[in-house]
Structures are given as structure tokens and as C-alpha cells.
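Q: Dumping the structure here so I can ask a few things about it.
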Amino acid sequence: MNPPKLPPKLIGWIIAVVIAAGVFWQSRLWLPSAKQWLANQLAEELLASQKDKPSDAAADPHAGHDHAGHDDGSSLELSKQARHNIGLTNDMIREIELQDFVRTISVPAIVVERTGRTRLKVVAPMTGVVTAVNLIKGESIEPGRLLFRIRLTHEELVQAQTVFLKTLGELDVEVREIKRLKGITNQGVIAGKVLLEREYSMQKLEAELSAYREALLLHGLSESQVNTIAERRKLLGELDVMAPGMHTETGEVRLRKNEVEPNALRQAAAVAEIPLERREFVVQDLNVTKGEYVQAGQTLTVLADFAELYIEGRAFEHDTDQLATATREGWSVQAVSETGTHHKSMDGLKILFLNNEIEAESRALHFYVGLKNEIVNESATAAKHRFVTWRYRPGQRMQLRIPVERWQNRIVLPIDAVAQEGAEFFVFQQNGDHFDRKPVHVEHRDQKWAVIANDGSLFPRDAVAMTGAHLMQVALKNKAGGAPDPHAGHNH
């Protein structure tokens, strides 16, 4: 059979498709060369157009003359949009001034309690049954508030009160008898020897009564309660346990509110060096319930006073001399809280003391900084239980910046005001409507600041860009790069 004859037009289309497919298949061989040739042609046309542009002052305000200290190779002019892009607003271009700079080291730290001062145990002064619990866990209470009421069942205390009342009654009888005998003796009926014996007996009873009073005090009763027993001539059946008024007490303050001396709490606050209005105890632990039988010395509750804490710094052993110098000179320490997204710093803190030993395993030296706390929030329930939130809490992590060295008469700039290229450091000084790059000697830099030597590279009152130095350095390098890169925009 003879194959069918194809129309010439169709044969032409088939040949065109085959050729196009072949060209596409071989594009990886010829396409890069074509793009390179096209880029070279565009670069030559761009250079030719730059040469054809007028070079008079109207075309370039900086052409044909130099500003003071102006070098086109190290000078950069930024548009208004470019300045905003790098944050270089008017307030970020400032005149420099000579100032002192304190070099610091940063060490990790943690907020800790003041041992023996932050936590206070309130204990049962004697054996009894808890008949009232006037607090809940987490509550904030003030000094002098009633915490517990205990019905006394302590046999020794009951006996001591009984003997005290018995002796007190005998003393009253002896006083009345002496008063009677004095009236009879004046009439000559009774000899003076009998009166003298009675007076000796009264003195003996007074001595015994004083001893029994001291015994009651040792059992845990207060002076006010002993006086109440003496006045009412009744045994004390219940005991009120009050919140402590000062750190020097053991916790079992048992004065009723109407029995507290007017200045007692203020004197207590003065001893503790804390204003009265700032005293707040937080109930950390509540260990008993109503109706529970407690022994003398048993812990009823644990209160915490967070008004003052410590920041425990953990430095390296080789930092000992620097810490000792900062402590001796009284230099201020800065603490930076690591809690939250915005790290809050506290200035003006002082190192209280350094540990006299170094941890054997970690080789860390612990030192302590005083921390004044503050209440940031408070709330109350319908039952008038009050809760407060302190800003700083034990266990909270911080960073301490310790001053170790001082420089005087230096130029101190933000770290973003300095650009680095190899061993060179640069700042950008404002010169008219452009910025000149100035090489400088950086004596020290940290995460925030750079200390520039006062060697004549910059002078006071020079206006310098306080941010965006790195991006300005990149822009300056791009400006000095010359013709466009013919390989830009594709990869081989």
C-alpha cells in the first residue's frame, strides 16, 4: 500500500513543532548564555546613559565641590523613606557628649527569701483544742490580727493558774489582817512582835506570787493575761493567738486588739525597718483545723513577709575580686527581670555581702543584693478575706549587671550606632543632607553600648546617627559596587 500523501501545509506545521521541541529541549544549554548577553547589553546602555547625563551643579548638588570632610566614597545620602525604613528619625540623630561609662559584667541570679526573716512560724504556746480558725491559706493579714483561739487543756498551766490564784487570795487575807493588827497595836492590845511576824509572812507571799507570775509567763501567757487573771480571779480557759507584730517575736503573740499598746505595732515596724502600712503577711501554710487537738510547740500556720527579699547572684570564682571592689566602693547594681516579654530593670541596688565560701562542685560564688518588694494587685472576698500579689517572688530568675570598671571622658553610643567591617568600626556623622562614615576606635562594647575613644575622630556636638549604622554601611558598599552585576537574577 502506498502511504497517504500529507498536505504540504501540514508537513510544515509538523516540522515547526519538531524544531520548537528541540529548541526547548536544548534551552538549558543556550538560555544562560542568552541571558548573560542581554544583561551585558543592558549594563552597557545604563553606563552610556550615566555618561550622557549632565554633570553640572543642577544635576547633582554635591558635584563640583566638597563639603568639609566630605569624601564621595564614604558619604551616603538617604531618602526620607530610607531613613524611616532604618528607624533614623530626627530624634535618633543626636549630638555626642563626653561622659563617664561603667563597664559591667552580667551574672545569673534568682530571687530568694531572707532566711529567718521571710517565713515566720506561728506555734501553739500550750496544749489545747482549737476552737476558732480566723484565716485561710493564701490570705494577706496584718500584724495583731486574731488567728486562732485555743481552749486550754494543759494540766500544768491549769495547776499554775490555780496556785497563782490561791497565793493571791492568801496575800489578800494577810494584807487585811495586817491592817487590822495595826489598828489594835496602836491601842496597846497586841504586841508589836505579832505585827512584825505578819509583815514577814506577807513579804513571803509576795515573793511566791512573783515566782508564780513568772511561771505563767514561761508557760506562754502575756503580762496582760496574767493581770487579767489577777483582776478577775478566774482561770484563763481560752487563749488567743495573734499575728506577730515584729520579727524579733516567736510568732505566738496573744494580745487582744483592745489590749495592744497604742505604739506597740509602730515600734515593731520601726525595729523591722519597714513602714507600718507596708507590713503584709501572706498565709503560706495552714496546718490545723477547728476542733483539732494541738500540743505545745506544734506549728499552727506559716506566714511569709515578702516586703523585703534577696537577689542571690551566682558569679564565677574569678569574678571574686571584681565583686569585692564593687561592694567596697558601694557601686550600684542593676537587676533585670527575665519574667514576661518586657524585661524590667531595677537600678540603684547594692550588694549586701559575699559568701565566704565557694561551691565545690559548680565553683560558683554566691552574693546577695537587697530587694525592696511592692504590691501590684489586691482583691478581697465577700467574707473580707484579702489577697495581694507581690511583684517579685522567690524563685524568680534575674540577671545582675555588676560594675567592674569605670572610664572617664568617653563617647558612649548605642551599639546600633556602630558598624563593623573586619577590624574597622565606623559611625555615621551628619554632614548637611548626607552622612559621612567615620572610622573610630571602640574601646569596649556590650549588648547595649559602645565606648568610643576620645582621640579626635569625633568631637563633642558632632551629630551622629544613633541607629541603623550596619544598614548604612551595607548601602555604602552597594553604592561603591559600580556597574550592575551581569549575573544578578539567575544562577548557573
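Q: Yes or no: Gly313 loosely packed, with under 13 Cβ neighbours inside 10 Å and either in contact with a Lys or Arg (Cβ under 8 Å, 6 or more places away or on another chain) or under 13 Å from Tyr368 (Cα atoms) (or both)? Spell out how you get there, then give the answer.
A: Details: loosely packed, with under 13 Cβ neighbours inside 10 Å: no; either in contact with a Lys or Arg (Cβ under 8 Å, 6 or more places away or on another chain) or under 13 Å from Tyr368 (Cα atoms) (or both): yes.
So Gly313 does not fit the description; no.
Q: Please determine whether any residue of the stretch 421-429 is closer than 21 Å to Met92 by Cβ and surrounded by fewer than 18 Cβ atoms within 10 Å (Cβ to Cβ).
A: The answer is no, given that none of the residues of the stretch 421-429 is closer than 21 Å to Met92 by Cβ and surrounded by fewer than 18 Cβ atoms within 10 Å (Cβ to Cβ).
Q: Of the residues Thr115, Thr127, Thr153, only one is of a type in the set (Ser, Thr, Tyr), surrounded by fewer than 19 Cβ atoms within 10 Å (Cβ to Cβ) and without any contact (Cβ under 8 Å) to a residue 24 or more places away in the chain; which?
A: Exactly one of Thr115, Thr127, Thr153 is of a type in the set (Ser, Thr, Tyr), surrounded by fewer than 19 Cβ atoms within 10 Å (Cβ to Cβ) and without any contact (Cβ under 8 Å) to a residue 24 or more places away in the chain, namely Thr115.
Q: Given the condition of a type in the set (D, E, K, R), assigned to a strand (DSSP E or B), touching a residue at least 40 places away in the same chain (Cβ under 8 Å) and under 30 Å from Lys344 (Cβ atoms), answer yes or no: does some residue in the stretch 414-423 qualify?
A: no
Q: When you scan the stretch 303-311, do you find a residue that is assigned to a strand (DSSP E or B), out of contact with any His (no Cβ under 7 Å at 6 or more places or on another chain) and farther than 30 Å from Val241 by Cα, even just one?
A: Yes, there is a match, as at least one residue in the stretch 303-311 is assigned to a strand (DSSP E or B), out of contact with any His (no Cβ under 7 Å at 6 or more places or on another chain) and farther than 30 Å from Val241 by Cα.
Q: Moving on. Here is a check on your reading of the model: is Gly291 in contact with a strand residue (DSSP E or B) (Cβ under 8 Å, 6 or more places away or on another chain), assigned to a loop (DSSP other than H, G, I, E, B) and at pLDDT below 85?
A: So Gly291 does not fit the description; no.
Q: So which residues in the stretch 365-388 are surrounded by 13 or more Cβ atoms within 10 Å (Cβ to Cβ) and either under 18 Å from Ile136 (Cβ atoms) or of a type in the set (Phe, Trp, Tyr) (or both)? Give the derivation first.
A: Narrowing the stretch 365-388 to residues surrounded by 13 or more Cβ atoms within 10 Å (Cβ to Cβ): 365-373, 375, 385-388.
Answer for the stretch 365-388, where residues must be surrounded by 13 or more Cβ atoms within 10 Å (Cβ to Cβ) and either under 18 Å from Ile136 (Cβ atoms) or of a type in the set (Phe, Trp, Tyr) (or both): Phe367, Tyr368, His385, Arg386, Phe387, Val388.
Q: In the stretch 74-104, what residues are under 22 Å from Val440 (Cα atoms) and without any contact (Cβ under 8 Å) to a residue 24 or more places away in the chain?
A: Result: no residue meets the conditions.
Q: A further question follows. Sort through Val418, Val427, Val388, Val440 and tell me the only one that's at pLDDT 90 or above, not aromatic (Phe, Trp, Tyr) and not assigned by TED's automatic domain parsing to the domain that holds Met92.
A: Working: Val418 fails: not assigned by TED's automatic domain parsing to the domain that holds Met92; Val427 fails: not assigned by TED's automatic domain parsing to the domain that holds Met92; Val440 fails: not assigned by TED's automatic domain parsing to the domain that holds Met92.
Going through Val418, Val427, Val388, Val440 in turn, just one is at pLDDT 90 or above, not aromatic (Phe, Trp, Tyr) and not assigned by TED's automatic domain parsing to the domain that holds Met92: Val388.
The values are calculated or read from the model by the stated rules, or taken from the named source; none is laboratory data. As the structure is a prediction and not an experimental result, all values here were calculated from the model. Cβ coordinates were reconstructed from backbone atoms using ideal geometry, including for glycine residues, and neighbour counts include every protein chain displayed.
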